[in-house]
1. Can you name every residue in segment 57-100 that is modelled with pLDDT under 95, more than 25 Å from Val18 (Cβ to Cβ) and in contact with a strand residue (DSSP E or B) (Cβ under 7 Å, 6 or more places away or on another chain)?
2. Identify all residues within segment 36-56 that are modelled with pLDDT of 95 or more, aliphatic (A, V, I, L, M) and either in a loop (DSSP other than H, G, I, E, B) or over 19 Å from Gly72 (Cβ atoms) (or both); write none if there are none.
3. Condition check: under 21 Å from Val106 (Cβ atoms), of a type outside the set (Phe, Trp, Tyr) and either exposed (fewer than 14 other Cβ atoms within 10 Å of the Cβ) or at pLDDT 90 or above (or both). Does Ala5 satisfy that?
4. When you scan segment 24-64, how many residues do you find that are of a type in the set (A, V, I, L, M, F, W, C) and free of Cβ contacts under 8 Å to residues at least 12 places away in the same chain?
Amino acid sequence: MLTSALMSGARSARKPWVTQTVFDVSLEKIRVPVLVVGHAADTCVRSLATLMRDITARTNGVREQVVMVTGGPGTSADTAASLDACEGRSPHGFTGQEAEVAAGIVRFIRGGTY
């Protein structure tokens, strides 16, 4: 299960957490159920919701689901993409929607859909 997965990075960055992404992992070796959850209003430049399907395109999970959460506080369409958006108290962290997201994850783990 991946939430707000980091899917873009800068190879020239000094810190490993900026250079590494989920695509640096051997995703094709994953054979267990895969759930990818992101927020449509997440403006973090590293976890763009538009790239979430690229993760499951590379995995071989026995069951796969991509979920795009919407709504919640701080979801203004005017928010520019930035690293500052990579905070827990923002759409990146599903602020105000934690219980809803957790319940969906539990349903998936139990064999259902998000």
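1. Listed by number, the list holds a single entry, Gln97.
2. Ile55, the sole residue that qualifies.
3. Taking the combined requirement at face value, the residue satisfies it.
4. 2
The values are calculated or read from the model by the stated rules, or taken from the named source; none is laboratory data. What you see is a predicted model; the values in this text were computed from it and never measured. When we count neighbours, we look across all protein chains shown, and the Cβ atoms used for this are built from the backbone with ideal geometry, even at glycine.
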